[in-house]
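For reference, the structure discussed in these notes is given below.
Every number here is computed from the coordinates shown, using simple stated rules; none is lab data. Everything numeric here is computed off the predicted structure, so don't read it as measured data. Here Cβ is always computed from backbone atoms with ideal geometry, including for glycine, and neighbour counts include all displayed protein chains.
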Amino acid sequence: MIKLAPSMLSADFAKLAESIAEVEKAGADYLHIDVMDGHFVPNMSFGAPVIKKIRPHSNMVFDTHLMISEPHKYIKDFAECGSDIITFHIECESNTKETLDLIKSYGKKAGLSLNPKTPLEDILPYKDDIDLLLIMSVQAGFGGQSYMSEVNEKIKRAREIFGPDFDISVDGGVYLKNLAEPVSSGANVIVAGTAVFGAENPAEATKSFKSFSL
Ligand code: DX5
Ligand code: ZN
């Protein structure tokens, strides 16, 4: 069964706790939390204070996706606000190994993400240092973009390299109608924003994702 990680970016920020509780009750596994700085990506979202406020309202795994330029400067903040997994981009300006170690020094799981054009080879030197691989199926920065099917090959290769039990997450443009693409390629953690929080009934959407099988 896949793990579903609804992306908070598409949630109703006026009733965040309620919206999150709704998908959690329906069976969502991780809450995917998109942090954008207007520099690494041309868009801004929210930061650690918001995560801290929602933490007491949810038992889901908080899967924080940092789309920021210098993540090493903010790992402490994102650890202490209640993230369980902290993922940053291989393309950013940080020492990758040091930043991964910093995340783990706070007792958190560490993830690496790569944009569609970044080759899988770039993350392989850190294969044994990460707990999660986040493969972007859109260019990071905005919700609501279209799934790039060319990443399916990258997902397949990652699954071969990382083996059957590793968390390989896919992020961007995933809907029920194309869910078979990342899942059959080997992704087991599915991030979905528009398709879950943007749905008319997010709880029903969550259940449909969770009951999906190939
Ligand atoms: C994109 C973000 C995604 C995004 C997913 O930069 O990392 O997590 O919110 O949203 P959808 O599912 O709408 O593409
Ligand atoms: Zn994301």
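Numbers below:
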quantity	calculated
Within the chain, longest stretch clear of exposed GluC sites (Glu not before Pro) (DSSP loop, no more than 13 other Cβ within 10 Å)	94-199
Restricting the range 94-189 to chymotrypsin sites (Phe, Trp or Tyr not before Pro) in coil, as DSSP defines it, with at most 14 other Cβ within 10 Å	Tyr106
The range 92-138: trypsin sites (Lys or Arg not before Pro) in DSSP loop, at most 13 other beta carbons within 10 Å	Lys117
Farthest toward positive dipole pole in the range 3-210 [+1 Lys/Arg, -1 Asp/Glu at C-beta], among Tyr74, Ala26, Ile90	Ala26
Net +/- balance of residues flanking Val183 in space, Cβ distance below 13 Å, scoring K and R +1, D and E -1	+4
Listed residues Gly163, Gly198, Gly172, most fluctuating in the chain (Gaussian network, C-alpha, under 10 Å)	Gly163
For the chain, calculated [θ]222 nm from helices alone, where every DSSP H run of n ≥ 4 adds -39500 (n - 2.57)	-7500 deg cm²/dmol
Whole-Hz couplings from phi, Karplus 6.51/-1.76/1.60, listed for the range 183-189; x for Gly and Pro	5, 5, 7, x, 6, 10, 10
Fluctuation leader among Ile51, Ile135, Ile33 - the chain, Gaussian network, Cα springs under 10 angstrom	Ile51
Rg to Rh, two decimals, where the range 3-210 supplies the alpha carbon set and Rh follows Kirkwood	0.93
Extension gain, Asn95 back to Arg157 (0.36 nm per residue minus Cα-Cα distance, nm)	19.8 nm
Cβ-defined net charge surrounding Glu70, 10 Å radius [Lys, Arg +1; Asp, Glu -1]	-1
Computed P(r) (all Cα pairs; the range 1-45; 5 Å bins; percent)	5, 21, 25, 20, 14, 11, 4, 0
Label-point gap, in nm, between Asn201 and Ser146 - each point 7 angstrom along Cα→Cβ	3.0
Choice from His72, His57, His89 showing the highest fluctuation, given a GNM over the chain with Cα pairs closer than 10 Å	His57
